[in-house]
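Accompanying notes for the structure given below.
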Amino acid sequence: MSQDRIHAALAHALAGCQSVLDVGCGPGTYLNPLPMERKLGLDAFPGELHEVEAPTICADASVYLPALRADAYDAVIALDVVEHLEKEAGLALVAEMVRVAARVVVVFTPDGLHVQDEDPTEMGNDFQIHRSAWTPGDLLGLGFIVQLWWDFDYGKGVGNGRGGLWAVAKKAGS
């Protein structure tokens, strides 16, 4: 149910896009079904990249994104990524995503604190630890339209139970 909801929301948000960069793509859960011909998965942890059906790069997004030209992809998405970074690093990542996207940026993250202090996949991926809490105001302040998915179930972890934040920023002319 939760993945179906994200797939449907992505299809709507990315309508008309011909290329997409998935930052923190993991095993390609959301990238694989996207219909674009030009797709790239980017993740700092190599453990699951073999499941991605698109080209992938194992790299730190804070290093890789600044090397890309502005408007390099129609869409840039980061689903369940920014909470894994310290807040300042997450804000810098979102700014780079906006720079690299020609048309639309999509961010999805828990609303508020969702404690996850170990890797739930048990793959030894320290990137799975949650290091920051995000609120609608954080993303509204960056120019995103934010929907609170209060009923979104994050499963493992301890938190405030407020659900998820679906945030979309469209660039002028998109």
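Below are the figures for this structure:
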| item | result |
| --- | --- |
| Cα gyration tensor shape for the stretch 1-99, rounded if a/c is under 1.5, else prolate or oblate | rounded |
| Simple spin-label estimate for GLU88 and LEU140 in nanometres, 7 Å along Cα-Cβ | 2.6 nm |
| Under-5 Å amide H pairs with ASP111, H placed in peptide plane, nonlocal only | GLY163, GLY164, LEU165 |
| Nearest-0.05 FRET efficiency for GLN18 and ILE57, computed from C-beta distance (R0 22 Å) | 0.70 |
| Net charge of Cβ neighbours under 9 Å - reference VAL105; Lys, Arg +1; Asp, Glu -1 | +3 |
| Extended-chain gain in nm, criterion 0.36 nm per residue less alpha-carbon gap, ALA72 and ARG99 | 8.9 nm |
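We did not get these values from a lab; they are worked out from the coordinates using the rules stated. No experiment lies behind these values; they were computed from the predicted model shown. With ideal geometry, Cβ positions are generated from the backbone for all residues, glycine too; neighbour counts draw on all protein chains shown.
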